[in-house]
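Below: the structure, in structure tokens.
Any read-out appearing in this document is the output of simple, stated calculations on the displayed coordinates, not a laboratory observation. This is a predicted model, so every value here is computed, not measured. Cβ sites come from the backbone with ideal geometry, for glycine too, and all protein chains shown count toward neighbours.
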Amino acid sequence: MFVLRLAKRVLPCLALGCCLIAADSPDAPAPVDWAESLLHLPVTRWFMPWLSLPPVREAARPAATCRLAPLPPITDPEALEFEASVAPNTDGLVPAMTRALQKFEHLVSSMGGTFVLKSAYRPPAYQAHLQQVWFKWMELRNNHDPGCQELQATVRAEFTGHDLIESQKPVTSSDHTRGLAFDATVFMPPARRQMRPPSVDRLAFRAGVMRPDIVRDPVHYKLVAVRERHVPSTE
Ligand SMILES: [Zn+2]
């Protein structure tokens, strides 16, 4: 008798459960166990609508990318050779500039100073590369975008490697490409008692060169004769 009563109560429940499971949406993923089956039932979602909300997932962040264009690659063979070389090229200087450079270097060293030649003749394509590096550094120097940090480091290395100066933009038509200029860092020893060495610019003038823009481009020297012919001052 008791078994019969129990069967009367349990069987409808089992039948209802089977129907509810069968009524589950066909495109739902296959449930793993009975508890999950219950959670996936449409009737469960009617009473607990929050369960039907899509699970909150941490959106995968896209890899940080820089929207700025990279530094254009060097394609000119002569410019590539210059980029790879360590020593400045003095072969492309005009003869008058070669003599002035040698005389200036000799005067400085004979007075106890130091003379380091940084750049001399440059092919036009290489000058264009310097200009591109300068412009790209101006674009990137204050950039804090995480995606641009790698590019910024690359351009910084180029900028410092070429001894470029932020205040001096390399121009397209340069005295360097015409063999009429060189860049050098020159230091004279400090004055001692009555011994006051001549200034860098006095020695430069004696050698036949001068600095057209000491403040913005202190390493740039050009022939004095070039200035007299009113050729524009260029880096
Ligand atoms: Zn220069």
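How many nm is it between the label spots at Glu150 and Arg67, if each spot is 7 Å from the Cα in line with the beta carbon?
Placing both labels 7 Å beyond Cα along the Cβ direction yields 1.9 nm.
Provide the gained length on full extension for the span Phe205 to Gln102, in nm with one decimal, where the gain is 0.36 nm per separating residue minus the Cα-Cα distance.
Length gained, Phe205 through Gln102: 35.8 nm.
Give the shape of segment 90-133 as rounded, prolate or oblate, defined through the alpha-carbon gyration tensor: a ≥ b ≥ c are the square roots of its eigenvalues, a/c under 1.5 means rounded, and otherwise the shape is prolate if a/b is larger than b/c and oblate if not.
The shape class here is oblate.
Could you tell me the distance between the Cα centroids of segment 74-90 and segment 187-215, to the nearest Å?
Cα centres, segment 74-90 to segment 187-215: 31 Å.
Fewest first, what order do Arg192, Arg122, Arg141 take by the number of other Cβ atoms within 10 Å?
Arg192, Arg141, Arg122
What is the order of Tyr221, Tyr126, fewest Cβ neighbours within 10 Å to most?
Tyr126, Tyr221
Just to check I understand the Karplus step: with θ = phi - 60° and J = 6.51 cos²θ - 1.76 cosθ + 1.60, what whole-Hz values come out for segment 205-218, glycine and proline as x?
5, 4, 7, x, 10, 8, 9, x, 9, 5, 6, 7, 9, x
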